[in-house]
Amino acid sequence: MSESCSVFQPTSQDELAAFVATNTTSNRHPLIPIGGGTTSPKCSAENAIEVHLDQLNRVIDFPARDMTITVEAGIRMADLAKILKGENQRLPIDIPQADLATLGGVIASNWSGPRRYGCGTMRDYVIGISAIDATGRQFKAGGRVVKNVAGYDLCKLLVGSHGTLAIITQVTLKLR
């Protein structure tokens, strides 16, 4: 972290939305979303605020029989793998530093690893997403079922966006 950056660490999606909305209407500081910090950009903007999302790490819904899981984006990849292993399921994405990397960071950076050639990329496993736009509004795209074809696929748009379009807060994944 640079000396010109301050840090905000929300504990809920609503707290983050309120913070972003307040920033938009009064402070107008650049916001830099940070997951586990494994691929995060260096804070170079003056008066920027690093938004650390690692406290948003809860499992929202895990109907194992449907082979989907909904979690907050700050969950560590190693913790997610342990949860899935308990049901003999997995997310076949190779992540270096899985004990540090967060799901939201992996999605925002579009990390896939060498198994992408046989198993696909993160874009293939994100079926639902919740995020907060630059004005502090929360929005959702996709859903909790694998066969969901209504409307534009904003999930794929946010994968690889590095937090420039919205801050990812919750994700639904299809599993293997």
**OP:** Please enumerate the residues belonging to region 75-129 that are in contact with an Asp or Glu (Cβ under 9 Å, 6 or more places away or on another chain) and β-branched (Val, Ile, Thr).
**Re:** Ile75, Thr102
Original post:
Based on what the data block shows, is Asp94 more than 19 Å from Asp133 (Cβ to Cβ), in contact (Cβ under 8 Å) with a residue 24 or more places away in the chain and of a type in the set (Asp, Glu)?
Top reply: no
Original post:
Restricting to region 79-103, what's the tally of residues that are open to solvent by 20 Å² or more (accessible area, probe 1.4 Å) and in a helix (DSSP H, G or I)?
Top reply: 5
Original post:
How about region 73-122: which of its residues are basic (Lys, Arg) and either under 20 Å from Gly36 (Cα atoms) or modelled with pLDDT of 90 or more (or both)?
Top reply: Arg76, Lys82, Lys85, Arg90
Original post:
If you go through region 20-78 one residue at a time, how many are open to solvent by 40 Å² or more (accessible area, probe 1.4 Å), assigned to a helix (DSSP H, G or I) and among the hydroxyl-bearing types (Ser, Thr, Tyr)?
Top reply: 3
**OP:** Scan region 106-119 and report the pairs whose first residue is farther than 10 Å from Ile95 by Cβ and whose second residue is of a type in the set (Asp, Glu), with Cβ atoms within less than 6 Å and a gap of 6+ or a chain change.
**Re:** Pro114/Asp94; Arg115/Asp94
Original post:
Going through region 140-171 one residue at a time, which ones are open to solvent by less than 60 Å² (accessible area, probe 1.4 Å), modelled with pLDDT under 95 and under 24 Å from Glu15 (Cβ atoms)?
Top reply: Ala141, Gly142, Cys155, Leu158, Ser161, Gly163
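The values are calculated or read from the model by the stated rules, or taken from the named source; none is laboratory data. Remember, predicted model here, so these are calculated numbers, not experimental data. Don't worry about glycine lacking a Cβ; one is built from the backbone with ideal geometry, like all the others, and counts go over all protein chains shown. Surface accessibility is based on the protein's heavy atoms, side chains included, excluding ligands, DNA and RNA. Shrake-Rupley method; radii C 1.70, N 1.55, O 1.52, S 1.80 Å.
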